[in-house]
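All remarks here apply to the structure that follows.
The values are calculated or read from the model by the stated rules, or taken from the named source; none is laboratory data. These figures come from a predicted structure and were not determined experimentally. All Cβ positions, glycine included, derive from the backbone under ideal geometry; neighbour counts span all protein chains shown. Side chains are part of the model used for accessible areas, which takes the heavy atoms of the whole protein and leaves out ligands, DNA and RNA. Shrake-Rupley method; radii C 1.70, N 1.55, O 1.52, S 1.80 Å.
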Amino acid sequence: SGHSGGSPRMSTWRCAAPCRARNCGELAALRRRDINLKAFTIRVERQLTETARGGLTFGPPKSDAEVRVVPLPSVIASDLDQHLDHYAQDGGDGLIFTGPTGTPLRHSNFYRRVWLPTVKKAGMAGAA
């Protein structure tokens, strides 16, 4: 199980983050409809960014080439399925990863508290 230490809400993210996205904004923007647990794939077609005034906006990845379908490692599929049941927003457009109150993740807080420690622990400091 991915629930080893830290917040159970973020444990699946910790498993998925280093291997599935190029930045945390891509993971923060994932919706239920982007995940195919039967085919073990994730469709990355947008990212969530924080505006200069502190608002949040969804937009495309940094380049059109970054819209892609990536493999979902089977070792985290069951944790992700449980995460969907307990933490993700409802509906096809519901966000997979949210903050403790069910709102979109803010990059400014998330990057420092979760992303950097995750990539460091995974030995991928260059991915930060």
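Things worth noting here:
- Here Tyr111 meets each of (1) out of contact with any helix residue (DSSP H, G or I) (no Cβ under 7 Å at 6 or more places or on another chain); (2) farther than 29 Å from Ala39 by Cα; (3) among the aromatic types (Phe, Trp, Tyr) with one exception, condition (1).
- All helices (runs of 4 or more DSSP H) inside the range 24-111 with 2 or more residues being at pLDDT 90 or above and either open to solvent by 10 Å² or more (accessible area, probe 1.4 Å) or among the charged types (D, E, K, R) (or both): 74-86
- Thr12 being at pLDDT below 90 and open to solvent by less than 10 Å² (accessible area, probe 1.4 Å): yes
- For the range 64-107, a residue qualifies if it is more than 25 Å from Phe40 (Cβ to Cβ) and either touching a strand residue (DSSP E or B) at 6+ places or on another chain (Cβ under 8 Å) or polar (S, T, N, Q) (or both), and the qualifying residues are Thr101, Thr103, Pro104, Arg106, His107.
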